[in-house]
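The values are calculated or read from the model by the stated rules, or taken from the named source; none is laboratory data. Quick caveat: nothing in here was measured; it's all calculated off a predicted structure. In this analysis, Cβ positions are derived from the backbone assuming ideal geometry, glycine residues included, and neighbour counts consider all displayed protein chains.
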Amino acid sequence: MIRRPLRPLARIIAAREQGLDPDRKEAEARLAKVQSKRKREHQHAQFRILLIACMFLGGFGMIGLRMVVLATTQTPAEIAAIEAKKIVSDRADIVDRHGRILATNITTTSIIAHPHQMIDRNAAAEGLARIFPDLDPRVLKRRFAPPAKFLFVKRKVSPEKAQAVHDLGEPGLVLGKRETRLYPNGKLAAHILGGAGYGNEEIAAAEVVGRSGVEYWFDERLRAQDTLGAPLELSIDLTAQSIVEQVLYRGMTLMNAKGASAVVMDANTGEMVAMSSMPDFDPNNPPAAPKKGDPADSPLFNQAAQGVYELGSSYKLFTVALAMETGIATPDTLIDTKPLRWGRFPIREFDNHNYGPFQSLTNVLVKSSNVGSARLAMEFGVEAQRALLDDLGFLSPTLMELPAAKSAAPIYPKKNWSEISAITISYGHGLSATPVHLASAYASLTNGGLLVQPTLMKGGAKIDPPRRVVSEKTSRSLRYMLRKVVTDGTASLADVEGYEVGGKTGTAVKPKPTGGYYADRVISNFAAIFPAQNPRYVVVVTLDEPQDIVAGKPKRTAGWTAAPIAGEIIRRIAPVLGLRPLSGRGTERADSGAIVTLASQ
Amino acid sequence: MTEMVYRATGPTPGEALLSRWWRTVDKVSLTAALFLFLAGILLGLAASPPLAERNDLPRFYYVWRQAQFGGLALSAMLVVSFLTPDVLRRWAVVGFFCTFAAVLLLPVFGTDFGKGAVRWYSLGFTSLQPSEFLKPCFVVFTAWLMSASFERSGPPGIAISFMVAVFLALLLALQPDFGQAALITGSWAMMYFVAGAPMILIILLAGLVFGAGSLAYQNSAHFRGRIDSYLSSEVDPTTQIGHASSAIREGGVFGVGAGGGEIKRTLPDAHTDFIIAVAAEEYGLVLCFVIIALFLVIVLRALASLLRERDAFVRLAGIGLAAGFGLQALINLGVTVRLLPAKGMTLPFVSYGGSSLLAIGISLGMLLALTRRRPQDELEDVFGADR
């Protein structure tokens, strides 16, 4: 029962007194009330209906706008889809300086399975296992089980095998054409070439992209449509490279070294004629990058361009060069070689030799006197040393066209290049750089004093205008001194009849990863020029932990290990590179007028 | 002045039925509905032959069926638009109970045609989807209850209608048919909004809808799959939505030309749920905008005429019907352009589908009947509205 309000008594009495019908009066009042309530409701509703209308207008407007946006733009996915349609599997060849193929493409086949389209999965698995004995039919059956819709069975398959798969008649097995990068020379120049793999891949085709080496560095150039017909010409000489690798491998085995590298560089242009690092790998089937351990122990590691080492006495050439450039000494100036202490550090000669109270500048290099170098460094000082090493490129990665080279930053005292740093650096400790650094510095110092930039491109990297690092005269004296090291000094095993080899040995004890130095582990290297009178090529050979037993005693110094290997390399490649031997024995003084005859190229 | 007075006093009792109808009905909306139907036939000519070929039927089988149903739907629309609000209400309430029972009995007698949701009655020559007919009837039923609650000593209509709406929405969600459930709830919410829902309740309700949505998301794989495919930023180009988006992109402003589209071959629902993608691909943005404009005309004109309406029942029923019609179009278009998660819903009058077409004809007929010009209580409203 809903309670109804009582009649408003006062108004009814008033109406009755005026002789009006009170019921009628009340009905009128009620009507007015209902009407005003309805009107309120109506106004309320009108406002809300307007809101709804706005909502619909907005909703349809948004849809219209969205349609315009959709109709006029491309989504990233669509753009990617369009680009994916144009998979370019072509890749330019790579050739050596004489146009011989180093890398090319062959067509192979990929076997792709679409298990959901297979008529008989088990038969397909067994058929594949018959064709490819390395596949396990049980594993294949498991991989073909639903919900698998797409999987690679084999990446690279020969035409015969592909035909056999085709003959299975299974529609769920698809043969996809693949361009495969082929390195017909196998391991030759592996670290230079690097390797290539598949990038964007679809069933019918796949991109071939460079993974390392020049394949990676020149990836865009190799895949560019407009230069596909023109092979990438490297400065490498395939024959020289092959000889260098043979000799280096034999040498490394003979000297019981765990690693070795060799660089042959054109002394005037900086072109790499050969570069090798042992152990090496087959770029057709490169090993996986090591997940643990020292990456430098992997065959993938390029010791020549990537390995950063303290290279020892080879650096004395820079010390001697600077002494002459700054006017401190001439080749015949006598240098104090009496035992030396700097603070509490004794500066010792190798094997605690004593070379007497004085040695000429030439003999400081020939006999490899640490004390003499230290005295010179104290004389010309930190800044001059730093400036020369910077000029020679020792304070930054080389500009050679390899990702490995770019990442190999030399290690040197960046903030605290003190006098003791200058002293140790003067004989090759405290500044670590790559063998390529060393080779290009030797080239720059001995070719007449003009800076070269190491490069793998045929024709070399022109430095314009030419930059002089030392004077012509200093350069000539350095050539004479280097020749003297071979004829009278530590590197006699490197001499090659008729080719006037000059060079400097370096034997650096290896730093322990925990600090300090090993007693019996060394990096031995030999940086050579030939012919010394007018150097055409620089050869740097580095051995990691060599140990040659001679007469029951272990020999680790570079003169016994790296130098003979460098000599053998020079003996074999010089004729190949078009150099004729000098008539008779090499001269004592390279600048005394002996004639070097070069074969016409 | 004469006209104003004439209208204010209402049609004379003796006036012929047809002339009164013609004079009072909203002729613009009527035309718009006709054009929407013609657009549907035009698009069906393009979209349905591939399907007919797949099903080994004559090339234009579906177009012919659509024309037959369309004729039926247009007739129904015209007939219904003749009804007065009182008669309309009576029939619709009866209709509501019948369709309600039909939806309830679906699990027993219905069929799913292998589509994973039991929504249809198979009648041999055709199939019926009772939930399509339930929608307009439910709207009228709700309007009746709500307007009754405004009367002195009236029943608690809003509460009752709310419970019915929730029950229906659950029933439809169980089929599962989330599209229809959303439409039922949406229409009811609009009506309640106009009936004077307190603002705080509206906010609470929005929260509730969100909560129910998340519940459905967690408990229904069907629903979750659709939401997930919507939320993932990358459109898988092999999904229906992906095809629809690329069709719109292909079409551009003027389209690839009649019959030149490809989406009708790749999308199984090109002639129903994704008909606008066919329009966009073959006739470009131009036809899409025409179709959107037609929907807007119908909805906005109905709302404009309801602004003037003083009768609570007519107002509410009209709002519910217009909102249901507009929302259905909005959701269908919103799904195609990827503004909303995928949901199976037809585009009113344009998409192919017998039940859908007929039901839309009936609801539009109801809307036309309710928006016919009628004498209003107060002279000032007539002046006010016409000024």
Which one of these is buried (at least 22 other Cβ atoms within 10 Å of the Cβ), more than 25 Å from A:Ser477 (Cβ to Cβ), touching a helix residue (DSSP H, G or I) at 6+ places or on another chain (Cβ under 9 Å) and touching a residue at least 12 places away in the same chain (Cβ under 8 Å): A:Leu392, A:Leu456, A:Leu438? A:Leu456
Condition check for A:Leu254: buried (at least 21 other Cβ atoms within 10 Å of the Cβ) and touching a residue at least 24 places away in the same chain (Cβ under 8 Å): no
I'm checking my understanding of the structure. Among residues of region A:144-202 that are over 17 Å from A:Met118 (Cα atoms) and acidic (Asp, Glu), which one is modelled with the highest pLDDT? A:Glu160
Could you tell me whether region A:519-537 includes any residue that is without any contact (Cβ under 8 Å) to a residue 24 or more places away in the chain and either within 30 Å of the chain's Cα centre (by Cα) or part of a strand (DSSP E or B) (or both)? yes
If we ask which residues in region A:31-59 are more than 30 Å from B:Leu333 (Cα to Cα), of a type in the set (Lys, Arg) and facing another protein chain (nearest Cβ under 7 Å), their number turns out to be 1
The condition of being assigned by TED's automatic domain parsing to the domain that holds A:Ala562, in contact (Cβ under 8 Å) with a residue 60 or more places away in the chain and more than 35 Å from the chain's Cα centre (by Cα) holds, among A:Met378, A:Met400, A:Met324, only for A:Met324
In contact (Cβ under 8 Å) with a residue 40 or more places away in the chain and closer than 27 Å to B:Gly334 by Cα: is that true of B:Phe138 in this structure? yes
Out of B:Ala101, B:Ala92, I need the residue that is modelled with pLDDT of 90 or more, in a helix (DSSP H, G or I) and surrounded by fewer than 20 Cβ atoms within 10 Å (Cβ to Cβ). Which one? B:Ala101
Say whether the condition of being assigned to a helix (DSSP H, G or I) and out of contact with any helix residue (DSSP H, G or I) (no Cβ under 8 Å at 6 or more places or on another chain) is met by at least one residue in region A:479-500. yes
Please count how many residues of region B:293-316 are facing chain A (nearest Cβ under 9 Å), in a helix (DSSP H, G or I) and within 24 Å of A:Arg48 (Cβ to Cβ). 12
Scan of region B:76-94 for residues that are under 20 Å from B:Ser19 (Cβ atoms) and without any contact (Cβ under 8 Å) to a residue 60 or more places away in the chain, ordered by number: B:Val87
Test result for A:Glu215, in a helix (DSSP H, G or I) and surrounded by 15 or more Cβ atoms within 10 Å (Cβ to Cβ): yes
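Quick check, is A:Leu445 under 28 Å from the mean Cα position of the chain (by Cα), closer than 16 Å to A:Thr319 by Cα, assigned to a helix (DSSP H, G or I) and not charged (D, E, K, R)? Full working, then the answer.
On the way: under 28 Å from the mean Cα position of the chain (by Cα): yes; closer than 16 Å to A:Thr319 by Cα: yes; assigned to a helix (DSSP H, G or I): yes; not charged (D, E, K, R): yes.
When the stated conditions are applied, A:Leu445 passes them.
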Among the numbered criteria (1) free of Cβ contacts under 8 Å to residues at least 60 places away in the same chain; (2) not in a loop (DSSP other than H, G, I, E, B), which single criterion is violated by A:Pro466? (2)
Any idea how many residues of region B:321-355 are buried (at least 24 other Cβ atoms within 10 Å of the Cβ), more than 11 Å from every other protein chain (Cβ to nearest Cβ) and part of a helix (DSSP H, G or I)? 3
Taking region B:271-290 and keeping only residues that are out of contact with any Gly (no Cβ under 9 Å at 6 or more places or on another chain), more than 10 Å from chain A (Cβ to nearest Cβ) and of a type outside the set (Phe, Trp, Tyr), one is left with B:Val290
